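Here the structure is laid out as structure tokens; the discussion comes afterwards.
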Amino acid sequence: MQLDLPHRPRRNRKSAVVRGLMRETELSPEHLIYPLFLHEAADDHPIESMPGCTRWSLAGLVREVGEAKAVGVGAFVLFSAIEDGLKTPGAEEAHNADGLVPRAIRAIKDAHPEVTVITDIALDPYNADGHDGLVERQSDGSLRIVNDATVDVLCRQALCHAKAGADIVSPSDMMDGRVAALRSALDMAGHEPVSIMAYTAKYASAYYGPFRGALDSAPKDGDKKTYQMDPSNAREAIREAKLDAAEGADIIMVKPAGPYLDIIHRVRDAVDLPVAAYQVSGEYLMIKAASAGGWLDEDAVVLESLTGIRRAGADMILTYFAKRVGELANG
Ligand code: PBG
């Protein structure tokens, strides 16, 4: 039987070359940012809650950056696991000029001056309470995460990272007004070239569980719902995006990525700034666990999940699979 069909979409899929011509979305290592964990120790430790990820020593960190760079990944974001003894209610270690993060920035820049170093701006690894901001206990026993005093500490943290050579600072705390405050603190200190990648729509997500295991940074008490966003809300993400754009953010981020593709798409349409998306630890772990069980083809699902995030509108993606994607792209 022969249908009378002028429109046959399959013609545009008939060979690998034709499919290449039609392809709308590219995924390459230059779109990726590789999150790396570090700790104060001479050796590298596998992270139990995130199989395939490592808490690096400074030497291991520099080596991993070099290997990722060799396969085309040029941007890295640093997360530090801090010893319990250094965690205080005022999170002073967050702006110690000789702290772990500033030393890591200098070590990476010494060995690989051309890579882009991004640092996380938030207090949770340094805060005795495990919250992203300073905590005030109320008379009824409940906790209040104090906004404006936190922003002051975040500014000190960002200046400390900028002095050590960070290229981009990335506030993940969700306090109000922190982008404007960081921009002005950086500019007043002569760090106007340092960019701000704002966690703009960061949801209060159960997908962060494995990450908090990696850093021992889970809140000791309460949850993060008074500062991170309600997963039910989309309009609120647009509001945050417009505020961060007006406050001077250079890049805005949606996090997590996979379960929030609609938010990536809407934020992409609402503002002109580049959009980043974070494929978080829980998304990583679901792919890892299913592949370890032999139930999924890991590499294929990694590429498809990241392509989906790009297709939704993300210019760049933070992913624990960054180095692996680089290896795949380089055959
Ligand atoms: C903390 C921070 C978190 C992540 C990045 N920065 C955890 C949190 O907010 O509790 C999560 C990353 C991931 O799950 O991969 N400011």
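Quick check: is even one residue across the stretch 179-186 within 30 Å of residue 45 (Cα to Cα), more than 18 Å from the chain's Cα centre (by Cα) and either free of Cβ contacts under 8 Å to residues at least 12 places away in the same chain or within 16 Å of the ligand (Cβ to nearest atom) (or both)? No - not one qualifying residue is present in the stretch 179-186. A residue that is surrounded by fewer than 17 Cβ atoms within 10 Å (Cβ to Cβ) and part of a helix (DSSP H, G or I) can be found somewhere in the stretch 226-236. Of all the numbered requirements in (1) surrounded by 19 or more Cβ atoms within 10 Å (Cβ to Cβ); (2) modelled with pLDDT of 95 or more; (3) within 12 Å of the ligand (Cβ to nearest atom), residue 169 misses one, and that requirement is (3). Among what's in the stretch 114-164 and is away from the ligand (no atom under 12 Å from the Cβ), under 23 Å from residue 83 (Cβ atoms) and among the small types (Gly, Ala, Ser), pick the residue that is surrounded by the fewest Cβ atoms within 10 Å (Cβ to Cβ). Taking the candidates together, the pick is 128. Taking the stretch 63-95 as the range and being in a helix (DSSP H, G or I) and within 19 Å of the chain's Cα centre (by Cα) as the test, the residues that pass are 64, 65, 68, 69, 94.
Selection of first residues in the stretch 75-86 that are farther than 7 Å from residue 38 by Cα and of second residues that are among the polar types (S, T, N, Q), restricted to Cβ pairs under 9 Å at least 6 apart or on distinct chains, gives the following pairs, ordered by first then second residue: 75/116; 76/116; 77/119; 77/170; 78/119; 82/217; 86/96.
Scan the stretch 274-285 for residues that are more than 12 Å from the ligand (Cβ to nearest atom) and either charged (D, E, K, R) or surrounded by fewer than 20 Cβ atoms within 10 Å (Cβ to Cβ) (or both) and jot them down. The answer is 274, and nothing else.
Considered as a group, the residues in the stretch 297-331 that are in a loop (DSSP other than H, G, I, E, B) and surrounded by 17 or more Cβ atoms within 10 Å (Cβ to Cβ) include one that is nearest to the ligand (Cβ to nearest atom), and that residue is 320. Cβ-Cβ distances below 9 Å connect the following pairs, each with a first residue in the stretch 272-300 that is within 25 Å of residue 77 (Cβ to Cβ), a second residue that is surrounded by fewer than 18 Cβ atoms within 10 Å (Cβ to Cβ) and among the basic types (Lys, Arg), and a separation of six or more residues or different chains: 281/212. Restricting the stretch 249-266 to residues that are more than 12 Å from the ligand (Cβ to nearest atom) and either among the charged types (D, E, K, R) or under 12 Å from residue 199 (Cβ atoms) (or both), which is surrounded by the fewest Cβ atoms within 10 Å (Cβ to Cβ)? For the stretch 249-266, the residue satisfying everything is 262. Restricting the stretch 306-331 to residues that are out of contact with any strand residue (DSSP E or B) (no Cβ under 7 Å at 6 or more places or on another chain) and among the polar types (S, T, N, Q) leaves a set whose member that is farthest from residue 70 (Cα to Cα) is 307. When restricted to residues that are of a type in the set (Lys, Arg) and on the phi > 0 side of the Ramachandran plot, the stretch 226-270 contains 0.
When both residues are 6+ apart or on different chains and their Cβ atoms are under 8 Å apart, which pairs have a first residue that lies in the stretch 129-155 and is closer than 16 Å to residue 179 by Cα, and a second that is of a type in the set (S, T, N, Q)? Listed by first residue and then by second, the contacts come to 132/150; 132/172; 133/127; 133/147; 133/150. Identify the residue in the stretch 208-225 that is within 15 Å of residue 174 (Cβ to Cβ) and surrounded by fewer than 15 Cβ atoms within 10 Å (Cβ to Cβ) and, among all such residues, is farthest from the ligand (Cβ to nearest atom). Within the stretch 208-225, the match that is farthest from the ligand (Cβ to nearest atom) is 225. Determine whether residue 252 is part of a strand (DSSP E or B) and at pLDDT 95 or above. It is true that residue 252 is part of a strand (DSSP E or B) and at pLDDT 95 or above. If the condition is being in contact (Cβ under 8 Å) with a residue 12 or more places away in the chain and β-branched (Val, Ile, Thr), then the stretch 10-50 contributes 25, 33, 47. Selection of the stretch 286-296 for residues being within 16 Å of the ligand (Cβ to nearest atom) and surrounded by 16 or more Cβ atoms within 10 Å (Cβ to Cβ) yields 286, 287, 288.
The values are calculated or read from the model by the stated rules, or taken from the named source; none is laboratory data. Since the model is a prediction, treat every value here as computed from it, not as a measurement. Ideal geometry is used to build each Cβ from the backbone, glycine not excepted, and the neighbour counts take in all protein chains shown.
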